[in-house]
Each structure stands twice: as structure tokens, then as C-alpha cells.
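*Asks:* Okay, here's the structure, questions in a sec.
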Amino acid sequence: MIIEKTKREKVHMTLIDPDTSGDEGSGKIAEQAYKAGTDFILVGGSTHLTMNEMDMATKQIKEKCNVPVIIFPGSSSMFTRYADAIFFMSLLNSSDLEFIVGHQKKASLVVKKSGIESIPMGYLIFEPGMTAGRVGKAKLIGRDDYKNAIEYAVAAQLMGMRLIYMEAGSGAPYAISTEMIKKVKESVDIPIIVGGGIRSSETAKEITEAGADIIVTGTVAEKSDNVYEALKPIIETIKHCKS
Ligand code: 1GP
């Protein structure tokens, strides 16, 4: 569903971390993000949550919006059968095997048995990395270390991953550079997701024009008193960019 959509238009995803927003808060953000036109809700983040916590928050989110909800897991227990799909992701530039294949092995049978759609995704963390970088023990990709990023991205594609997520870290003071996005985009044939530090329509526009197929925002909604007003211009801006 996601891959097809990226062929027609630029896509916006709203990341909701139940650990920060709580169950009800998660539902409220989802409701406003949906009204503002977001295409998908990602539920999860770097902080560990139990399956029960994931269930509670996801139920609230599903009640309040009518877009698919995708699990964005930080560990093997971050699963809920109430979601529509899961990013079955590997943090390719982690220094810890757990984040490359360990959590995935632990979650494999539960995910398969659930019948939920599983989307193989290569996850790459760039400087400054923030909590995701620390928790995932990432060997952060330097801001202008193009060769390193391209090699990881092409490897992800050759391993059969359907998407590449370029992450600067939630709450990052600056987003990944447009030059970096351009270079990675030119090197692969699968859609690219960019997230971390995107707080304005201007940044969203630059990143989308550089080649991002999907933009993820989290903090901008979390920190706003009016989630609809905060997200609407960002979503409208990227929808006007050619896919
Ligand atoms: C984190 O990329 C996302 O995985 C979102 O980042 O919270 O900075 O929008 P922000």
C-alpha cells in the first residue's frame, strides 16, 4: 500500500510515541493528524514499550482516525495486533547485532502468526542520531559521508528491503542534508523515507524536492497545542511537490 502510493504522490507519516504522548494523547494527535491529511500513522519509537502498552495506544489511535497504522518498533516486544502493518526493520549501521537481526528473530514467530503485513525496511541513522542513535548503538553516518550512506542503502535494496528510512533522530536540531538525500535517492530504486528534525514546511519542501518519497514528523505534533495547524501546512506543501 505504501510503495504504490509513493508512485503517485509524496507521502506524509505522523509518528506517535505512546511513551511521550500517553494513550489518550496518542488518540488526540492521530485525530488531528488525520484531519490535517496525514497518510499513515506510525506508532512506536526508541523507548521500550510492552505489547499491552502498544495495544492500548493503538486502539485509541484506530478509534480516532481512518488511515493505516504501522508499527515502528524499537524492540521485539513492540508489537500489537491492532495495527495494520509493521516495519520489519533492521538498523543496518548498528554496532550491536541485536538491532540488526536479534530483535527481529525474537519477534518473527509472533509477527508471522498474526498475519499482519510486514514491510522489510533498511533503517539508517545519521548524525546527530539523538535517542535512536544511542539506544540502537548506531555507528552514526556523518552528515557528508555520502559513500557510507550509499553503500548501506544499496545493500538494503540488494537484500530485498522495500524501503530505506534515513533517520536523523527524533527531535534532531537539524534534518539530514538535501545533498545526502539526493545522492542516496540517485543510487537506489526503492522509496526513501526521511525523518528527524523536520519542523517546518520549508524544510519539508527542501527534503521532498531533494528526493524523499516519504516524510515523517513526530515532535512537531507532540509539542504543539494545535496539532492540526502544525501539520496542515507541512502536509499541503509536500503534496504539491512532484513525486
Ligand atoms: C523519528 O524521524 C522521526 O523516528 C521523527 O522525528 O520527532 O524530529 O519529527 P521528529
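Values in this text are rule-based calculations from the coordinates and carry no lab data. Computed from a prediction, not measured in an experiment: that's the story for all the values here. Note that we place each Cβ from the backbone using ideal geometry, even for glycine, and neighbour counts take in every protein chain shown.
*Asks:* Packing-wise, with mean Cβ within 10 Å as the measure, how do 133-146, 101-114, 27-40 rank, highest first?
*Replies:* Averaged packing, sorted descending, gives the order 27-40, 133-146, 101-114.
*Asks:* When only alpha-carbon atoms count, how far does the chain stretch along each of its three principal axes, as whole angstroms with the largest first?
*Replies:* Cα extents, longest axis first: 43, 40, 31 Å.
*Asks:* I'd like to compare 76-86, 1-11: which one has the highest average count of other Cβ atoms within 10 Å, and what's the full order after that? Can you show the working numbers first?
*Replies:* On the way: 76-86: 20.0, 1-11: 15.5.
Ranking, from highest mean packing down: 76-86, 1-11.
*Asks:* Given the pairs LYS113/LYS147; LYS59/LYS183; LYS147/LYS242; LYS113/LYS223, which are separated by over 30 angstrom at their Cα positions?
*Replies:* Listed pairs above 30 Å: LYS113/LYS147; LYS59/LYS183; LYS113/LYS223.
*Asks:* Can I ask one more? Rounded to whole Hz and in sequence order, give me ³J(HN,Hα) for the range 168-177 from the Karplus expression 6.51 cos²θ - 1.76 cosθ + 1.60, θ = phi - 60°, writing x for Gly and Pro.
*Replies:* Karplus-based 3J(HN,Hα) across the range 168-177 equals 9, x, 5, x, 4, x, 9, 7, 4, 5 Hz.
*Asks:* Still on this structure: Please report the Cα spread of the range 68-124 along all three principal axes, rounded to whole Å, starting with the longest.
*Replies:* Per principal axis, max minus min of the Cα coordinates gives 32, 20, 14 Å.
*Asks:* With unit charges on the beta carbons (Lys and Arg positive, Asp and Glu negative) and the dipole taken about the Cα centre of the range 27-132, which residue among SER90, MET54, PHE72 sits farthest to the positive side?
*Replies:* Sorting the options by dipole projection puts first MET54.
*Asks:* Let me spell out the model: positive unit charges on the Cβ of Lys and Arg, negative unit charges on the Cβ of Asp and Glu, origin at the Cα centre of the chain. What dipole size does that give, in debye rounded to 20?
*Replies:* Values: 29 positive and 31 negative charges, 97 e Å.
Value, rounded to 20: 460 debye.
*Asks:* Next question, about the same structure. Per q in 0.08, 0.17, 0.21 Å⁻¹, report the Debye log10 I(q)/I(0) for the range 101-243, using one uniform scatterer on each alpha carbon and no solvent.
*Replies:* Here the Debye-derived log intensity ratios amount to -0.23, -0.99, -1.30.
*Asks:* Return the sequence-ordered ³J(HN,Hα) values of the range 6-21 in whole Hz as given by the Karplus equation 6.51 cos²θ - 1.76 cosθ + 1.60 applied to θ = phi - 60°, using x for Gly and Pro.
*Replies:* Once θ is set to phi - 60°, the couplings for the range 6-21 become 5, 6, 9, 7, 6, 10, 10, 10, 9, 8, 10, 9, x, 5, 8, 9 Hz.
*Asks:* Taking amide H positions as placed in the peptide plane 1.01 Å from N, state which residues far from LEU163 in sequence (5 or more) or on other chains have amide H under 5 Å from it.
*Replies:* GLY122
*Asks:* Okay, moving on. Can you tell me the equivalent ellipsoid semi-axes for the range 56-153? Use √(5λ) from the Cα gyration tensor, largest first, whole Å. Present the calculation step by step, with values, prior to reporting the outcome.
*Replies:* Numbers: eigenvalues 147, 47, 29 Å².
Taking √(5λ) for each eigenvalue gives 27, 15, 12 Å, largest first.
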